Amino acid sequence: MALDYFIRSGQKQLRCGYTTGTCAALASAGAARLLLCGEKSETLSLMTPKGIAVEVVPAYCRMEGDQAVCGVVKDGGDDADATHGLTIEAYIRKNACGGISIDGGKGVGRVTKPGLDQPVGFAAINRVPRRMIEEQVQKVCRQAGYSGGLDVTICIPGGEEVAKKTFNPMLGVEGGLSVLGTSGIVEPMSEQALVDTIAVELRQTAALGSKRLILTPGNYGQDFLRENRIAEKPVPVVKCSNFIGDALDIASTYPFEEVLLVGHIGKLVKLAGGVMNTHSRYADCRTELVCAHAAVCGASREVCTALMQAATTDACIEILDAAGLRTQVLESLLQAIQQHIDHRVQRKYRIGAVLFSNQYGLLGKTKTAKEIIQLWN
């Protein structure tokens, strides 16, 4: 049954869903009740860590030999979720060892790289879902008066194929999907999910022992880095999308010593105004910032008017070139960028920025970026 919980996104009301972790916990409760009490549950319910109650009708609940299996269909709400509509299964059988063991079966990935929520070799079932599963199974054990051991295996039919469309292979989860969720609820269009992905990549990079890091907003930055060697030895690159401030904050929680921001001027010029989320819906002050710094550098009213009317930062560079102001204005912008990113990281590590344009190539480096690159080489 659909979750009756909504959030606002802009002018829309969007229906929330529930995580794969919530589905796994609900399915575990249904399988445990069938195994220990001989009862097929018509509905399954729990209170999520977010404090929102979820109630579902199981897709099926049956015995298969000495184990019970229950399936719950994932409802992602209005979120564009690759796992929406998949069935999350829990298989439960008794064991002679005692305790509740939780593992992943078909369709659930295995961790192959350090720095993830679970150790290498473990099923990609994160901490909060594991706790939710255990709590639901223990609750049924108490109701049934059962004090023995249980093996819980979570499966996601079709998960291996769907996982190929997710970040899992890149992050080091092979063979299936992750069972995720910290709140138990999926919030549609959630930017937090993207920030969480960046956090995972940064944690993995730190876990591999790197003290150096390159952050780039997107594909343009990655293409530029492929074509332009920054350092003699490879430096890990993490894509941070528009969430530059969040990425800088997360990086400060790990022992990185030098970080370079490498990005297209259309993104990074916004940092000169202290804008740390560069998505256009938050701020599109590109030409205004170029114009302000050009005015400080002595640009005429006609040049400033042309800059304000420019459609792109590349067009701004063309105008500055015609006025003979490119070098001065870029240097002024780079100084402002350095000031704002220094303030953001609070001396947790050395940070510098490199600007480029697809049309004009390398445009400039902040003073600290030059020092970092010299150190790396």
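General remarks:
- Principal axis extents of the Cα atoms in segment 142-215, from largest to smallest and rounded to whole angstrom, are 55, 28, 25.
- Residues 186, 235, ranked from the fewest to the most other C-beta atoms within 10 Å, line up as 235, 186.
- Segment 243-286: C-alpha gyration tensor shape, a/c 1.5 cut-off, then a/b vs b/c: prolate
- Partners for residue 50 among lysines (Cα-Cα distance below 18 Å; same-chain residues under 8 apart left out): 74
- Chain lengthening between residue 144 and residue 322 when straightened (0.36 nm per residue, less Cα-Cα): 55.9 nm
- The long axis of helix 286-296 is offset from the longest Cα principal axis of the chain by roughly 30 degrees.
- Partner lysines whose Cα lies under 23 Å from the Cα of residue 211, excluding those fewer than 8 positions away in the same chain, are identified as 113, 233, 239, 348, 365, 367, 370.
- Diffusion coefficient, µm² s⁻¹, Stokes-Einstein with Kirkwood Rh over alpha-carbon pairs of segment 164-288 at 10 °C and 1.306 mPa s: 100
- A Förster distance of 45 Å, applied to the separation of the beta-carbon atoms of residue 43 and residue 211, puts the FRET efficiency at 0.30.
- For residue 157, neighbours were defined as the other residues whose beta-carbon sits under 12 Å from its Cβ, and their charges (Lys and Arg +1, Asp and Glu -1) total -1.
- Annotation: amide H-H contacts under 5 Å for residue 261 (H modelled 1.01 Å from N, sequence separation of 5 or more, or interchain): 215, 352, 353, 354.
- The orientation-averaged projection of the convex hull spanning the C-alpha atoms of the chain amounts to 21.2 square nanometres.
- In this structure, residue 335 and residue 377 have a Cβ-Cβ separation that, at R0 = 25 Å, corresponds to a calculated FRET efficiency of about 0.60.
- Segment 191-376, relative contact order in percent, only Cα pairs under 8 angstrom and at least six apart counted: 23
- Segment 191-376 - share of DSSP beta bridges that are antiparallel (%, nearest 5): 25
- Note: relative contact order over the chain, using C-alpha pairs below 8 Å and six or more positions apart, is 14 percent.
- Each residue of segment 232-241 was assigned a 3J(HN,Hα) from its phi angle through the Karplus expression (A = 6.51, B = -1.76, C = 1.60, θ = phi - 60°), giving 5, 9, x, 10, x, 10, 10, 7, 10, 6 Hz with x at Gly and Pro.
- With kT/(6 pi eta Rh) evaluated at 37 °C and eta = 0.692 mPa s, and Rh the Kirkwood radius from Cα pairs, segment 250-377 diffuses with a coefficient of 219 µm²/s according to Stokes-Einstein.
- The antiparallel fraction among DSSP beta bridges confined to the chain stands at about 60%.
- Whole-Hz Karplus values for segment 326-335 come out as 4, 4, 5, 5, 5, 5, 5, 5, 5, 4 Hz, taken residue by residue from phi with 6.51 cos²θ - 1.76 cosθ + 1.60 and θ = phi - 60°; glycine and proline positions read x.
- In order along segment 245-253, phi translates into HN-Hα couplings of x, 4, 5, 5, 5, 5, 4, 5, 8 Hz, rounded to whole numbers, per the Karplus curve 6.51 cos²θ - 1.76 cosθ + 1.60 with θ = phi - 60° and x for Gly and Pro.
- With 5 Å bins beginning at zero, the pair-distance distribution over Cα atoms of segment 261-304 amounts to 5, 24, 29, 19, 14, 9, 1 %.
- With contacts taken as Cα pairs under 8 Å and at least 6 residues apart, segment 269-377 reaches a relative contact order of 23 percent.
- What the Cα convex hull of segment 191-232 gives, in volume per residue, is 76 Å³.
- Put simply, when 325-332, 154-161, 302-309 are sorted by average Cβ atoms within 10 angstrom per residue, most first, you get 154-161, 325-332, 302-309.
- Annotation: amide H-H contacts under 5 Å for residue 363 (H modelled 1.01 Å from N, sequence separation of 5 or more, or interchain): 355, 356, 357.
- Both numbers refer to the Cα atoms of segment 6-186; Rg and Dmax are 15.9, 56 Å.
- Put simply, the amide H of residue 178, placed in the peptide plane, has neighbours under 5 Å in 109, leaving out anything fewer than 5 places away on its chain.
- Which of 243, 122 has the fewest Cβ neighbours within 10 Å, and the rest in rising order: 122, 243
Only the coordinates and a few stated rules stand behind these numbers; no lab work does. Treat the numbers as computed from the prediction; the structure is a model and nothing was measured. Every residue, glycine among them, receives a Cβ derived from its backbone with ideal geometry; neighbour counts consider all protein chains shown.
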